[in-house]
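Step one of this worksheet: look at the structure below.
The values are calculated or read from the model by the stated rules, or taken from the named source; none is laboratory data. Everything numeric in this text was worked out from a predicted model, so none of it was measured. Cβ coordinates were reconstructed from backbone atoms using ideal geometry, including for glycine residues, and neighbour counts include every protein chain displayed. Quick note on the areas: whole protein, heavy atoms, side chains included, nothing else; ligands and nucleic acids left out. Shrake-Rupley method; radii C 1.70, N 1.55, O 1.52, S 1.80 Å.
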Amino acid sequence: MEFMVLALEEAELAAQRGSVPVGAVIVLDDRLLVRAGNEVIRDHDPTAHAEIVAIRRACRLLGQLMLDRCDIYVTLEPCAMCAQALSLARIRRLYFGAYDVKYGGVVHGCRVFEHAIHKPEVISGVSETQCTKILQNFFSGRR
């Protein structure tokens, strides 16, 4: 998937900034709208996950609160905070790569969409090998 490749590029940039390598892109009508990477370390902001940064940028760019015609591609299963934000933004479809058994909030953990008013379509395991590898490389270098 070409959009997941762009999300992986954003994950690499996040790693270079010292943040956990997670990248996200939001797409509208099959065209790239925004790109974002994890900015937690750079911004000293625990909420600056790639998904949240991308949602903020997309809403500002479109001048609207709802992203109901948009899809998001994320390299890692969103945490509960990000999954709830995706629901509140009315994202149409979520594509994610690596599964997050420990902190995931979609397939694992509290499974936010099972309890949310808006439930985006979820396509998991997209480019899973590449998405997992970038995380493994990042954390192996820190141990």
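Return the only residue of VAL74, VAL107 being touching a helix residue (DSSP H, G or I) at 6+ places or on another chain (Cβ under 7 Å), open to solvent by less than 80 Å² (accessible area, probe 1.4 Å) and not in a helix (DSSP H, G or I). Lay out the reasoning, then the answer.
Details: VAL107 fails: touching a helix residue (DSSP H, G or I) at 6+ places or on another chain (Cβ under 7 Å).
Going through VAL74, VAL107 in turn, just one is touching a helix residue (DSSP H, G or I) at 6+ places or on another chain (Cβ under 7 Å), open to solvent by less than 80 Å² (accessible area, probe 1.4 Å) and not in a helix (DSSP H, G or I): VAL74.
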Condition test on GLN16, is it within 18 Å of PHE139 (Cα to Cα) and free of Cβ contacts under 8 Å to residues at least 12 places away in the same chain? yes
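Go through segment 1-24 residue by residue and tally those that are in a loop (DSSP other than H, G, I, E, B), surrounded by fewer than 24 Cβ atoms within 10 Å (Cβ to Cβ) and not polar (S, T, N, Q). Full working, then the answer.
Kept after step one, since they are in a loop (DSSP other than H, G, I, E, B), are these residues of segment 1-24: 1, 17-22.
Then keep just the ones that are surrounded by fewer than 24 Cβ atoms within 10 Å (Cβ to Cβ); that gives 1, 17-20.
This time we only want the ones that are not polar (S, T, N, Q), so: 1, 17-18, 20.
So the answer is 4.
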Single condition GLN64 does not satisfy, out of (1) open to solvent by less than 90 Å² (accessible area, probe 1.4 Å); (2) in contact (Cβ under 8 Å) with a residue 12 or more places away in the chain; (3) among the polar types (S, T, N, Q): (2)
I want to confirm something. Restricting to segment 110-143 and keeping residues that are among the charged types (D, E, K, R) and either more than 18 Å from ARG93 (Cα to Cα) or open to solvent by less than 50 Å² (accessible area, probe 1.4 Å) (or both), which single residue is modelled with the highest pLDDT? LYS133
(1) in a helix (DSSP H, G or I); (2) out of contact with any Leu (no Cβ under 8 Å at 6 or more places or on another chain); (3) open to solvent by 70 Å² or more (accessible area, probe 1.4 Å); (4) not acidic (Asp, Glu): which one isn't true of ALA54, the others all being true? (3)
Segment 87-112, residues that are farther than 19 Å from ILE26 by Cα and among the hydrophobic types (A, V, I, L, M, F, W, C): VAL101, VAL107, CYS110, VAL112
